[in-house]
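First comes the structure, then the notes that go with it.
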Amino acid sequence: MLAYDFMLRAFAASGIVAVVAGAVGYFLVLRGQTFAGHALAHIAFAGATGAALIGLAPLYGVIAVTVGAAVAIGALGERLSGRDVAIGVILSLSLGFGLLFLRLTTTNATQATSLLFGSVLAVSPATLGHLVVLGAATLTALAAISRPLLFSSLQPELAEARGVPIRLIGILFLALVALAVAQSIQIVGVLLVFTLMVGPPAAAQLVTTRLWLGIALSAGLALAQAWLGITLAYVTDWPTSFWITVLSTLVYLAATGLARRRLT
Amino acid sequence: MSDAIALDHATLSVAGRAVLSDISLAVAEGEFVGVLGANGSGKTTLFKALLGLIPADSGAITVLGRPVKRGNPEIGYLPQLKTALPGARLLGREVLAAGLDGHRFGVPLVSAVAARDIDRALDNVGAAELADRPLSEMSGGERQRLLVAQALIGNPRLLLLDEPLIGLDPHQSQVVVDLIGGLSRALKLTVLFSAHELNQLLGTIDRVLYLGRGEAALGTVAEVISPAVLSRLYGAPIQVVRADGHIFVMSHGRDIERQQDHHDHHDHAGL
């Protein structure tokens, strides 16, 4: 299986993306902002198809649109009532535009499917290079803001009183979520970003009460899902994304069971 | 002895509405002041102004001899519980560690010195065992004690405690009040402690600050809790009934504080 270049690239790309998604996702779940992450993935669809329409690489379109949307969502603030409704409206609009752009570029159905559900086995050497740079940048930036981010996630009012620029930290974090989403889309597609960014961190937070262990477990679970998913896809010839979603669900159910057993 | 807090003709507004108008008062260092008043009377607004989060429209505010500034390390703050602390499953120790130097950029690694500070702060409030309990499994009283411990980290000289008794039963409330009173005396801390009910604070507080209708009255319990002063602050005739070591503030024969307390719990359930 590892004799094929495309398989090696699939393992490398999914490995990088899984670690980034698991680490960023840990904070996303901790902050209760999973809906924002979900919305960014859908908004990315318009970015990818729009970029294809004007002849740009989809990855650049995705990054431009999701980071822009992330800054806008972050600027709306945590406490604005109806924020989720506003995000929901934009999310639907983005999918609508994505559909229009697809029609206008007259691309074939395969391209749309790989955008929606991922195509890890088709990662090109150039894309892998982009993922390495993007992944390193995302993790470095996350490490740089992680202390004030953690404080303002757990105790926003106290953090504000102590001088943490909580609004700015929130915007920076959502921009990192946007970058993680853009990378995850390359592996599992627009519709299944949750399977790497929410499933593993939610499971990790059920299982451990320690911060670093939680982040490591979240990244580790995402990585295990991705690699095992590719292996199962190779063996069965069923889609990788299918296997990753199945594994994500199993991991989450197991974590719920563990947490419940400990409580009783 | 210098003033820990001084307001000089200060006016404070929230969303364009003046909540406190032309307030002048001074709290001495080491004083334990109970802050009372109806919902929306400006208790939280006053705290936020002292923290430098809300600028005064006019007048001057000084804290520990200096103009207010955001992020003042000499202030320990306990925000109202209703919005603080989500149901995270992190250990008490990890939550407190997140707040240490939480305003600095970087990775939240906890040094041995910081870990000792956390243990000492928890010991101070008799809650060493909370270090190894997940936040999501703590009762309201335990969470409050954790937050009091957190407010004490870094040896502040002024404590601002915003409704630390919300959600606590009478016994737990008494434990928290006694705890803060003891700390205030032992460490010479100035404390502003807001609450719904005066009786829980009687015997512990040095003075009471009562807020209402944009005004403030600061003085001993005997001076402030009087029909004349409270009728002015509530804008309605108020009777004060003293019975059995308790004080009841009544309007038209009903206990104002108790009513308010119930009303407030109702609000929280809806949030």
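Coordinate-derived values only; no laboratory data. Predicted model, so just to flag it, every value in this text is computed and none were measured. Note: ideal-geometry Cβ built from the backbone for every residue, glycine included; neighbour counts use all protein chains shown.
Structure notes:
- The convex hull around the C-alpha trace of chain A, projected and averaged over every direction, spans 14.6 square nanometres.
- Listed by Cβ neighbour count within 10 Å, with the fewest neighbours leading, B:HIS103, B:HIS9, B:HIS196, B:HIS252 appear as B:HIS252, B:HIS9, B:HIS103, B:HIS196.
- Mean separation of Cα contacts under 8 Å (6+ apart) over length of chain B, as relative contact order %: 23 percent
- Cβ-based exposure ranking for A:TYR60, A:TYR234, A:TYR4, in which fewest neighbours within 10 Å come first: A:TYR4, A:TYR60, A:TYR234
- Only Lys, Arg, Asp and Glu carry charge here, each on its Cβ (+1 for the first two, -1 for the last two); on that basis the stretch B:89-229 has a dipole of about 360 debye about its Cα centre.
- Residues in the stretch B:52-78 reached by a label modelled at B:SER2 [backbone nitrogen below 13 Å; 7 Å Cα→Cβ]: B:62-68
- Shielding by other protein chains, A:208-218, mean Cβ within 10 Å: 4
- Burial ordering of A:SER218, B:SER226, fewest other beta-carbon atoms within 10 Å first: B:SER226, A:SER218
- Here each label is just a point 7 Å from Cα along the line to Cβ, and for B:GLU74 and A:VAL235 those points are 6.7 nm apart.
- Efficiency of FRET between B:ASP22 and B:ARG120 - r from beta-carbon atoms, R0 45 angstrom, step 0.05: 0.60
- Structure-based [θ]222 nm, chain A - -39500 (n - 2.57) summed over DSSP H runs of at least 4, per residue, nearest 500: -28000 deg cm²/dmol
- With q set to 0.05, 0.09 Å⁻¹, the log10 of I(q)/I(0) for the protein assembly as shown, from the Debye formula over equal scatterers at the Cα positions, is -0.26, -0.73.
- At R0 = 45 Å, FRET efficiency that the Cβ-Cβ distance of A:PHE242 and A:ARG83 yields, to 0.05: 0.85
- Whole-percent pair-distance distribution, where bins are 5 Å wide, for the alpha carbons of the stretch A:1-48: 5, 18, 15, 18, 19, 12, 9, 4, 1
- Net charge dipole, the protein assembly as shown: roughly 980 debye, given to the nearest 20, about the Cα centre with Cβ charges of +1 for Lys and Arg and -1 for Asp and Glu.
- Estimated inter-spin distance, B:SER226 and A:ARG103, nm [label 7 Å along Cα→Cβ]: 7.9 nm
- Annotation for B:ILE247 and A:LEU53: the two label points, set 7 Å from Cα along the Cα-Cβ direction, are 7.0 nm apart.
- Selection from A:SER119, A:VAL71, A:PRO148, by position along the positive dipole direction of chain A (Cβ): A:PRO148
- Per-residue average of Cβ from other chains inside 10 Å of B:92-100: 5
- Equivalent-ellipsoid semi-axes of chain B, from the Cα gyration tensor, Å, largest first: 31, 22, 17
- Taking the Cα centre of the stretch A:1-107 as reference, the dipole from Cβ charges on Lys and Arg (+1) and Asp and Glu (-1) amounts to some 100 debye.
- Principal semi-axes of the equivalent ellipsoid, √(5λ) from the alpha carbon gyration tensor of the stretch B:1-55, are 20, 13, 10 Å from largest down.
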